[in-house]
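Note sheet for the following structure.
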There are 2 protein chains.
Amino acid sequence: MSSDERSSVAQLLSTGNARNLFDSVEAFLFDCDGVIWKGGKLIDGVADTLEMLRSKGKKVVFVTNNSSKSRRQYAEKFHSLGITVSEDEIFSSSFAAAMFLKVNNFSPEKKVYVIGEDGILEELQLAGFTGLGGPEDGKKTGDLYVHYPIDHDKSVGAVVVGVDRYINYYKLQYGTLCVRENPGCLFIATNRDAVGHFTETQESPGAGCMVAAMCGSTEKEPILVGKPSTFMMDFLLKKFQFGCSKMCMVGDRLDTDILFGQSAGCRTLLVLSGVTTQSILQDPSNGIQPDYYTAKVSDLLELLGP
Amino acid sequence: MSSDERSSVAQLLSTGNARNLFDSVEAFLFDCDGVIWKGGKLIDGVADTLEMLRSKGKKVVFVTNNSSKSRRQYAEKFHSLGITVSEDEIFSSSFAAAMFLKVNNFSPEKKVYVIGEDGILEELQLAGFTGLGGPEDGKKTGDLYVHYPIDHDKSVGAVVVGVDRYINYYKLQYGTLCVRENPGCLFIATNRDAVGHFTETQESPGAGCMVAAMCGSTEKEPILVGKPSTFMMDFLLKKFQFGCSKMCMVGDRLDTDILFGQSAGCRTLLVLSGVTTQSILQDPSNGIQPDYYTAKVSDLLELLGP
């Protein structure tokens, strides 16, 4: 597909173009929040749709910016919702953060301070790194540190920031001191999503909130490892034998999922079951147009048949 | 002073130019953190310098971006450090936030959600507005709200964000919901300072951190009422009979104090007792040059004599 065609408006998914898409694609890459589930609830028809895709020989892969869980924890969440997924079908931004350090030969003797939840700490540990902070420092909410300087570990060589529902001043201060004062300390963002769904009905601040806070105090910009950066795509390309044009990225966000898919040269399908509405998609101010859009993942099943 | 002269490099304060500055200026506007004090400690020689300026008939005014205190609380802090200052010599960004609502005819029937400390709530109350949030919501750090949607007050018509050492996810979520979902809700930042001094020896995240967090989750930019915006200058101009060229802004920050002074047409003096070092000032990447710079406020006393 040429860039001229790409800049045209998204097509509503229909029986005709869904068949065309299906035939030309070998792997479907799914975002999770707002696509597979919302909060703790599976979106209608997802299980049957995934089963249909697999039964027809398509690969399914899950590429999520939500860093709160490790791949192991994501696999557990899938299982608890009745879907069997193996850990190596999951590419989470928590995993991406650990892999970024790995491929950049981050010294295992240095430490990593985490503003985020335990998914990041688990992936760091699996990759052989020592993480500090995370949930543990979420308890430091008292007055104790406010009037006294805090000591920070000079061997911290990277601060990883993801969504953190236990964000507090102590963590922001600790992370800021590392980035500002430890020479060469990396500032890595799992992603910059403004909001996400922790409950089915309400949007809540996403990693973009915590990352922006750190940008505000450090006056630095982070290295982004989640969508829309294509860092995770490198792992997908190593795993599969076919190229990006044989993949279709399915997501609910224009500025992460769709941009990620397009940057990598994938086909793109926007579903309206998450944060993006049809009016946002079709607003003249929106410059990101997926190839196709549809209400929800199970429209694939409905249009293609079982 | 023409803009050509202004873009030239700052002059080191000396006996000659200090006399010239002194004679041409009727009011000295001082920033507080890093200029008058650092953390809870007065900077050497400040008391004698202020006394000298007053004894020679100069007005002294304190213009601070730190929103953690109200003007009353600032006057108390000055008193506790042995300096007598009246409340109406103090222009804090907490006061500016309340005044912004006042001059813009914000309805007293609407409420104001505060991500910040009690100085903002006190100034809102004195101005006749109803504040919510602040320190009270700093206690909401448990698991309770994480898995459930929270109710936010639909009558909140403004969110004011300042430095908040008790920042947490609840406050960020509440403020984000108000800005994103209450029609016409204002998003007001007291200031955007990256870091400040809560202790004498260590820099800590400033309001710029909390404001950026809210920008990250709301995807909106705030209305800025503190330095370098010139909103507070309107109050100073109403108070004094002389114009901006008869004022000298004395501060430790280039991007707030010096920019504020220059934007308003004041003379500017940078002191190196706070966050800006001589090497930052003289770095080729720095585009903000004060008229003069010196180590600390008391150099005025030393150069001019008692």
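The values are calculated or read from the model by the stated rules, or taken from the named source; none is laboratory data. In this text the structure is predicted, and so the values were computed from the model without any measurement. Here the Cβ is made from the backbone with ideal geometry for all residues, glycine too, and neighbour counts use every protein chain on show.
Residues in segment B:291-301: is at least one of a type in the set (F, W, Y) and either within 14 Å of another protein chain (Cβ to nearest Cβ) or surrounded by 17 or more Cβ atoms within 10 Å (Cβ to Cβ) (or both)? Yes: one or more hits. Restricted to segment A:216-233, and to residues there that are surrounded by fewer than 24 Cβ atoms within 10 Å (Cβ to Cβ) and among the hydrophobic types (A, V, I, L, M, F, W, C), the residue that is modelled with the lowest pLDDT is A:M233. Does any residue of segment B:154-177 turn out to be without any contact (Cβ under 8 Å) to a residue 40 or more places away in the chain, at the interface with chain A (Cβ under 10 Å from one of its Cβ atoms) and of a type in the set (D, E, K, R)? Looking for residues that are without any contact (Cβ under 8 Å) to a residue 40 or more places away in the chain, at the interface with chain A (Cβ under 10 Å from one of its Cβ atoms) and of a type in the set (D, E, K, R), one finds none in segment B:154-177, hence no. Note on segment B:156-177: residues that are assigned to a loop (DSSP other than H, G, I, E, B) and either of a type in the set (K, R) or at positive phi (or both) amount to 1. Strands (runs of 3 or more DSSP E) fully within segment B:178-233 that include at least 1 residues being within 11 Å of chain A (Cβ to nearest Cβ) and more than 27 Å from B:I150 (Cβ to Cβ): B:195-197, B:203-205.
Take segment A:23-41 and flag every residue that is more than 16 Å from A:I90 (Cβ to Cβ) and out of contact with any helix residue (DSSP H, G or I) (no Cβ under 8 Å at 6 or more places or on another chain). Across segment A:23-41, the qualifying residues are A:D23, A:G34, A:K38, A:G39, A:G40, A:K41.
Among the residues of segment B:96-119, the one identified as without any contact (Cβ under 8 Å) to a residue 40 or more places away in the chain and buried (at least 21 other Cβ atoms within 10 Å of the Cβ) is B:A98. Scanning segment B:31-69 for residues being within 14 Å of chain A (Cβ to nearest Cβ) and surrounded by fewer than 15 Cβ atoms within 10 Å (Cβ to Cβ) gives a total of 2.
Just checking, which of B:S273, B:S263 is within 25 Å of B:T201 (Cβ to Cβ), of a type in the set (G, A, S) and either in contact with a Lys or Arg (Cβ under 6 Å, 6 or more places away or on another chain) or not in a loop (DSSP other than H, G, I, E, B) (or both)?
Values: B:S263 fails: within 25 Å of B:T201 (Cβ to Cβ).
Checking each option against the conditions leaves just B:S273.
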